[in-house]
Amino acid sequence: MKLLIKSVLLAIIITTSQAQAQEKYMTKEGHIKFFSSALVEDIEADNHKVQSIIDIAKKEVVISITMHDFQFEKSLMQEHFNENYVESEKFPKATFKGVFTSDKDFVLNKDGEYQVELVGEITIHGVTKPLKTKGVIKMVGSQLEAQTTFELSVADFDIEIPKLLFQNIAEVVKVTVNFKYDAL
Amino acid sequence: MKKIVITVLCFFAGAHWSLAQDDLMSLLEDNTEESTVYTEATFKGSRLVNSHTIQTRKKAELEFLISHRFGRLNSGSYEFWGLDAANIRLGLEYGLTEYLTVGIGRNSHEKTYDGLVKVKLVRQSSGKRSVPFSLVYFTSAAIKTLREEDPIPPNATRMYYTHQVLIARKFAPSFSMQLMPSLIHRNSILEEEGDNDLYAIGVGGRIKLSKRMSLNAEYYYRMNTPASDQQFNSAALGIDIETGGHVFQLHLTNSRAMIEKGFITETTGDVLGGDIHFGFNVSRVF
């Protein structure tokens, strides 16, 4: 009898912990785009290799962005971005760690749309700042899609804009995030 | 005892539930493989001081380069310390592909036209695939069109060919060095000036003084000079200032000419005698 109880208990623990594992999703091809408009020219870059894991049960998300993977239309702009602005040799990755709350409880394996509010810390160029943004999480089949848009101030992250280039580079950058996760 | 066993079992089974965000980050890192990162911006532009660097143009990028070399600083106030005797080279360089750059130029010095090809063969990289240096093959052909003899000698006698293997390494974000083993072939040369083929080894480097400024230097040692050699090895010092799409370079060198056959093989300036030329380059990339 006691052995039976032990086995059942263990079985429950194991199966529920497996179920917990189903609530983690990962992407290695997340898309982040940033855009800033300025008098002389717009600055726009896309990164299609962003990595992230999202945990639906714990409502946590982590994002890792390799700065080198931002692609610009003008290669000279890309070189300056890496060498002079974000100094990607010193700070190769930008990261985000945060938690989110949603308007309703998540139901797995069922299509649905959830409005979420994300709160966390973003680290760029070695500087960590709090970040708060609203977004949408969609369950589509076995995939999870997450989207959000927010603005960042370049100066907050010790990214120097020399006076000469003031006309070129705006101080506020609009960031658009679009991830499609698969179950981990 | 059994309660302890059950508790311990539950603890072990449930231990992996308690992942904090840091653990989530480690999980992310464990699941992603390292990628290869190719070194960028080993030098700020396509020229070190006189020499080419391993920087080639990216595909469909055009560079317009205006190079000036003035007369000798020790030529006195009447000559305005050399500023009156200005040599200029106008050049265009274009990236046909990511790995192949072609260029043309015209020098006012001896009215020489030059054409060049730069092939990127090896790229320095770190990460998954680590390569310690970059290598670019540089070749140039030049023709001197100055009419200094009558009758004008055949074109073949006025041609010069250069081959260089540029090997560079970015040691740190602010320090790079380059080796330039070179071969210059002069189609027609006076016997006392040596062999048609001149071998030289160049060495140069740059130190970044700030994000946009660097201090550059180079020196060429000519290997097979004749016993009657009256010329000098080329030495140069420069400052690079980069602003957006332009690179400004200020130079001090004992060489008068701005192409390889000129500064490597025909330098008549004695540094110790004060035969220094001031010069500057302006480069704009479109």
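Annotations for the structure displayed:
- Some residue of region B:253-262 being within 14 Å of another protein chain (Cβ to nearest Cβ) and over 25 Å from residue B:76 (Cβ atoms): no
- The residues in region A:57-80 that are under 20 Å from the mean Cα position of the chain (by Cα) and on the phi < 0 side of the Ramachandran plot can be counted, and the count is 15.
- In region B:230-246, the residues that are touching a Lys or Arg at 6+ places or on another chain (Cβ under 8 Å) and modelled with pLDDT under 90: B:242, B:243, B:245, B:246
- Within region B:209-241, the set of residues being surrounded by fewer than 19 Cβ atoms within 10 Å (Cβ to Cβ) and under 30 Å from residue A:90 (Cα atoms) comprises B:209, B:210, B:211, B:213, B:215, B:217, B:237, B:239, B:241.
- For region A:148-159, the count of residues that are among the hydrophobic types (A, V, I, L, M, F, W, C), touching a His at 6+ places or on another chain (Cβ under 7 Å) and within 13 Å of chain B (Cβ to nearest Cβ) is nonzero.
- One residue alone among B:71, B:82 is within 18 Å of residue B:146 (Cβ to Cβ) and touching a helix residue (DSSP H, G or I) at 6+ places or on another chain (Cβ under 7 Å), and that residue is B:71.
- Going through (1) part of a loop (DSSP other than H, G, I, E, B); (2) closer than 17 Å to residue B:282 by Cβ; (3) of a type outside the set (A, V, I, L, M) one by one, residue B:255 falls short only on (2).
- Pairing each residue of region A:87-98 that is under 23 Å from residue B:210 (Cα atoms) and facing chain B (nearest Cβ under 10 Å) with any residue that is part of a loop (DSSP other than H, G, I, E, B) and not small (Gly, Ala, Ser), provided the two are 6+ apart or on different chains, yields C-beta distances under 7 Å for A:87/A:125; A:89/B:173; A:90/B:173.
- Residue within region B:66-75 that is in a helix (DSSP H, G or I) and either modelled with pLDDT under 85 or in contact with a Pro (Cβ under 6 Å, 6 or more places away or on another chain) (or both) present: no
The values are calculated or read from the model by the stated rules, or taken from the named source; none is laboratory data. The structure presented is a predicted model; accordingly, all values stated were derived computationally and were not measured. Methodologically, a virtual Cβ is constructed for each residue, glycine included, from the backbone with ideal geometry; neighbour enumeration extends over all protein chains shown.
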